[in-house]
Amino acid sequence: MSRSPLHPEIYRYAPRFVGPALRAGVAGAAHEDVEQIYRFALFTPEFCRLLVEEAEHQGGWKTGQDTTANPYAPDLDDVCEPDTVLPLSAIPGMETVYDEIIRRHLKPLAEHLWPVFQVQKWDPPYLLRYEPGVVQGMARHYDLETCSIVCYLNDAFEGGGTYFPRWDYTPGRCMPGTAVIYPGGLSHVHEGRPVTAGRRYVLCSCFY
């Protein structure tokens, strides 16, 4: 059962919580750090702080291994690495807010970066939490979706980071609200490096 909101202001779409460059439009909002890995400011640090506090206030985090149907071959199951996850749908109202952000900002951005791509659907967004002694990181893997977005919500941790070995690249310690968008598939194999202290929070989205 959900609790009363801790931060009611984040339960409705508000442009002030979107990164200024993205709020102004998709042209020039993202920078290509390495081949088809684009960095941009999705949220303000204030929104990220409020979202993390709200997620911890609402609770419902689950740690375990997921098995999901392969989107391209429904008769095959994909077994995911253990995660500590909180679907945005577990915070009633937040998924609706994020859907609005997708429609207003992220869908146009993805279609601007890859003009041949039209976003037709997206998976339910979710939060991940990494911490020592529970789930510290994620093993090397590739994503099945057409493109993925990972938004970094905090910086009060040691270690961690999304690492792409093909380019020996990681976004590094990012300002909260920074996101990367990149294609799924074997071209962009990556991993979540282990967190050695503190807690790391990320918000993930998958587009098809």
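What number of residues within the range 8-20 satisfy the criterion of being surrounded by 15 or more Cβ atoms within 10 Å (Cβ to Cβ) and either without any contact (Cβ under 8 Å) to a residue 12 or more places away in the chain or not small (G, A, S) (or both)?
Step one: filter the range 8-20 for residues surrounded by 15 or more Cβ atoms within 10 Å (Cβ to Cβ), giving 10-11, 13, 17-19.
Filter once more, keeping what is either without any contact (Cβ under 8 Å) to a residue 12 or more places away in the chain or not small (G, A, S) (or both): 10-11, 13, 17-18.
Count: 5.
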query: So, of the residues in the range 136-165 that are touching a residue at least 60 places away in the same chain (Cβ under 8 Å) and within 12 Å of H190 (Cα to Cα), which turns out to be surrounded by the fewest Cβ atoms within 10 Å (Cβ to Cβ)?
result: H141
- request: Among residues belonging to the range 166-200 that are in a loop (DSSP other than H, G, I, E, B), of a type outside the set (A, V, I, L, M, F, W, C) and under 14 Å from the mean Cα position of the chain (by Cα), point out the one that is surrounded by the most Cβ atoms within 10 Å (Cβ to Cβ).
  value: G177
- line: Counting only residues that are outside any loop (DSSP other than H, G, I, E, B) and in contact (Cβ under 8 Å) with a residue 24 or more places away in the chain, the range 21-40 contains a total of 9
- line: With criteria (1) part of a loop (DSSP other than H, G, I, E, B); (2) under 26 Å from S187 (Cβ atoms); (3) out of contact with any Lys or Arg (no Cβ under 9 Å at 6 or more places or on another chain), G133 comes up short on (2)
- request: Would you check if there is a residue in the range 89-100 being of a type outside the set (D, E, K, R) and within 15 Å of A179 (Cβ to Cβ)?
  value: yes
statement: T44 fails exactly one of (1) touching a Phe, Trp or Tyr at 6+ places or on another chain (Cβ under 6 Å); (2) at pLDDT below 95, namely (2)
- request: Please work out if V116 is β-branched (V, I, T), surrounded by fewer than 18 Cβ atoms within 10 Å (Cβ to Cβ) and either closer than 30 Å to R23 by Cα or in contact with a His (Cβ under 9 Å, 6 or more places away or on another chain) (or both).
  value: yes
message: Which condition from (1) at positive phi; (2) in contact (Cβ under 8 Å) with a residue 24 or more places away in the chain is the one that G133 breaks?
response: (2)
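The values are calculated or read from the model by the stated rules, or taken from the named source; none is laboratory data. Remember, predicted model here, so these are calculated numbers, not experimental data. Glycine gets a Cβ as well: all are built from the backbone with ideal geometry, and neighbour counts include every protein chain shown.
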